[in-house]
Amino acid sequence: MFKHILFPTDGSPASLVAAAHCVRFAADIGARLTILHSSAPLHLFSYEPIVVDEAYEEYRRNRDRICAECLAPVEELARNAGIPFDSVTVDADEPYTAIITTAHNKGCDLVAMASHGRKGIKGVLLGSQTQKVLTHSTLPVLVFR
C-alpha cells in the first residue's frame, strides 16, 4: 500500500526508537524512505555586515554538523536493512511545515514519526510537532510512541 515513507528525525532517543520501527516497517512492505531533519533558520540583524556574515557562517557549520549527527543513525539503520533512502535537511521556523511540505515535494504517501509524549505544561509550552502534523497533513501519519 505505502511505497514511500517520510521519517522526520530530531535525533532524540524517542526518534531513534521510532526510526528502528519505521525501518522494519518499510522493509516489510518494500517501501523506500526519505529521512528529514529540520532546523530553525538563523534570524539575525546587525548594523555591521561582517558580524552577520561571520555569524551565518558559524551557524551553517554548526547546523550542518548537527543535521549530519541526527540523520546518520537513521541512515545506518536503513542501509543495514537494505532499504533505498535519501536524506533531506530543511530550514524552517516550524518543523511541522517542513515535514508536510517535504512529504508532498518528495512524493511520499506516508509520514511516520515519533511522539515524545509530552504532557501538561511542557506539552503546551513546547508544542507537539506530531500533533501539528496530524492536524494539518492530508497524508496518512503513523505515530510511534
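The values are calculated or read from the model by the stated rules, or taken from the named source; none is laboratory data. Not measured: the values here are computed from a predicted model. Positions of Cβ are backbone-derived with ideal geometry, glycine not excepted, and every protein chain shown enters the neighbour counts. SASA here: full protein model, heavy atoms, side chains in, ligands and nucleic acids out. Shrake-Rupley method; radii C 1.70, N 1.55, O 1.52, S 1.80 Å.
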Report every pair of residues separated by at least 6 positions or lying on different chains whose Cβ atoms are under 9 Å apart, first residue within the range 16-37 and open to solvent by less than 50 Å² (accessible area, probe 1.4 Å), second of a type in the set (Lys, Arg).
18/145; 26/32; 31/3; 34/106; 36/106
Going through the range 106-139 one residue at a time, which ones are among the aliphatic types (A, V, I, L, M), modelled with pLDDT of 85 or more and open to solvent by 50 Å² or more (accessible area, probe 1.4 Å)?
134
What are the pairs, 6+ residues apart or on separate chains, where a residue within the range 1-14 that is closer than 15 Å to residue 83 by Cβ and among the aromatic types (Phe, Trp, Tyr) has its Cβ under 8 Å from a residue that is open to solvent by 40 Å² or more (accessible area, probe 1.4 Å) and not in a loop (DSSP other than H, G, I, E, B)?
2/29
Here are some conditions: (1) loosely packed, with under 13 Cβ neighbours inside 10 Å; (2) touching a Lys or Arg at 6+ places or on another chain (Cβ under 7 Å); (3) at pLDDT 95 or above. Residue 83 meets all but one. Which one does it not meet?
(1)
Against the definition (open to solvent by 50 Å² or more (accessible area, probe 1.4 Å), of a type in the set (Val, Ile, Thr) and at pLDDT 95 or above), how does residue 97 come out, yes or no?
yes
Across the range 61-98, what is the number of residues that are assigned to a helix (DSSP H, G or I), among the aliphatic types (A, V, I, L, M) and in contact (Cβ under 8 Å) with a residue 40 or more places away in the chain?
7
Identify, please: which residue in the range 39-73 is of a type in the set (Ser, Thr, Tyr) and closer than 25 Å to residue 11 by Cα and is, among those, modelled with the lowest pLDDT?
56
